[in-house]
Every structure is written in C-alpha cells, then in structure tokens.
Amino acid sequence: MISMEREVLDVLSMNDGEIHYYNIADQLRIGDHYAYLICKGLERNGYVNFETLKGICSLTDIGKKKTDEIQRARQKQEKENIQKRAKENMNKMFKNKKIISY
C-alpha cells in the first residue's frame, strides 16, 4: 500500500468512513482524477466500496481494520520518538552539568 492510499484511508476514517472523492482530493490537495484512481485501487483491494456514479467512497470492514492498524503504528512510532527525545535531552543535561560543574 502506498502512502497516498494510507492518507485516503485516514481521510475516510476522519469523515465517518464515507466521503465523495472530490472532498478527498480537496483535503489532500491532490487532483480529483488522482483521488478517483486511488479510490478505485482501494476498491480493488477490498478496503473501500466505491460508488462510481455517485462518487462516494466508503470504508469496508477490511478498510476499518487497516485504518486502526495504521493509527496504532503511528501512535507506537510517536511514543518511540518521544522516548528517544527524552533520552537525548537527559544526555544533554548530564553533559551540560559536567561542563558547568562549580
């Protein structure tokens, strides 16, 4: 799955799982034809139902599971980044303490 497909799934999950592909394009600042193609690709993979005539893209159960999985992975990454920054800050403080020792 490419990152733009993940972003489309994010937009869908933030909009109660259903949105017109024009709105997806607007929110992601991409072309409407590109949003249409991404929705068709997600439909082929079973993540969304795409009503071509109405232009409505909606999450399937598989798509909802995937968005949950993506959100959990992001939260885990954010937590790891926070821990890494905290450790780096502690190391900087100890280094400064040694330099400043009175």
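Among Met4, Met14, rank each residue by its count of other Cβ atoms within 10 Å, from fewest to most, as a rough exposure measure. Display every interim value, and only then the final one.
Numbers: Met4 15, Met14 11.
Ordered by Cβ neighbours within 10 Å, fewest first: Met14, Met4.
Remark: the chain carries a charge dipole of roughly 1140 debye about the Cα centre, counting +1 on each Lys and Arg Cβ and -1 on each Asp and Glu Cβ. Amide H contacts for Val48 (H built 1.01 Å from N in the peptide plane; partners 5 or more residues away or on another chain; cut-off under 5 Å): Glu43, Thr60. State the answer as a single residue: which of Thr52, Gly31, Asn89 lies farthest towards the positive end of the charge dipole of the stretch 3-100, with beta carbon charges of +1 for Lys and Arg and -1 for Asp and Glu, about the Cα centre. The Cα lying farthest towards the positive end belongs to Asn89.
Estimated purely from DSSP H runs of n ≥ 4, each contributing -39500 (n - 2.57), the mean residue ellipticity at 222 nm for the chain is -24500 deg cm²/dmol once divided by its residues. For the chain, a/c is not less than 1.5, where a ≥ b ≥ c are the root eigenvalues of the C-alpha gyration tensor, and a/b tops b/c. That puts it in the prolate class.
Starting with the highest mean, order 40-46, 21-27, 90-96 by the number of other Cβ atoms within 10 Å, averaged over the residues of each peptide.
Working: 40-46: 15.4, 21-27: 17.9, 90-96: 10.0.
Highest mean packing first, the order is 21-27, 40-46, 90-96.
For His20, the residues 5 or more places off, or on other chains, whose built amide H falls under 5 Å of its own are Cys57.
No lab work stands behind these numbers, since they all come straight from the coordinates. Only a predicted model underlies this, so the values are computations on that prediction, with no experimental measurement involved. Cβ sites come from the backbone with ideal geometry, for glycine too, and all protein chains shown count toward neighbours.
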